[in-house]
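Here the structure is laid out as structure tokens; the discussion comes afterwards.
Quick note: the coordinates plus some simple rules give every number you see, no bench work behind them. Quick caveat: nothing in here was measured; it's all calculated off a predicted structure. Here Cβ is always computed from backbone atoms with ideal geometry, including for glycine, and neighbour counts include all displayed protein chains.
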Amino acid sequence: MYTFNGIGTTLYGRRERQPDGSHVATKWVVLFFFPVLPLRSYRVWPQGTEYKFLRTVEYYRLEPQRLSWRQVLNWYLLTGCLGPIMLYAFGGGLLIWAWQSWR
């Protein structure tokens, strides 16, 4: 998984947690860190953390699984409901401010 300036692929989500510390996460294609397209789900086991200069590197063991549609649908429902509200609240205010300052 790799992202450059928020564009690439990454894991999001923590579902079906187990006592051994593992959970299910979904690999997404991201655009500006915003999940757009789900690719595959994985069972994830944390393997440790390494501290390097100005960043932290986390290591995981991954086991491929079928796509977790519950996780995907939850994400789309969340963004489908909250996305327009946030866009109206923040984007609408910004547009009004820009219009008033332009006039």
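Observations on the structure shown:
- Calculated mean residue ellipticity at 222 nm for the chain: -9000 deg cm²/dmol, from DSSP H runs with n ≥ 4 weighted as -39500 (n - 2.57), summed, divided by the residue count and rounded to 500.
- Full-stretch length increase - Tyr60, Cys81 - with 0.36 nm per residue and alpha-carbon distance subtracted: 4.3 nm
- Among Thr26, Val44, Tyr2 - extreme Cα towards positive end, dipole of the chain, charges at beta-carbon: Thr26
- For chymotrypsin sites (Phe, Trp or Tyr not before Pro), the sites in the stretch 25-89 that DSSP calls loop and that have at most 16 other Cβ atoms within 10 Å are Phe32, Phe33, Phe53.
- Candidates per trypsin sites (Lys or Arg not before Pro) in the stretch 1-58, loop by DSSP, up to 12 other Cβ within 10 Å: Arg17
- Over every Cα atom in the stretch 3-102, the radius of gyration and the widest Cα-Cα span, Dmax, amount to 17.7, 58 Å.
- For the chain, the longest principal axis of the Cα atoms and the long axis of helix 69-86 meet at an angle of about 20 degrees.
- At full extension, Phe90 and Met1 could sit 29.0 nm farther apart than now, given 0.36 nm per residue minus the alpha carbon distance.
- Using 0.36 nm per residue and subtracting the Cα-Cα separation, the extra length available between Phe34 and Gln47 on full extension is 2.1 nm.
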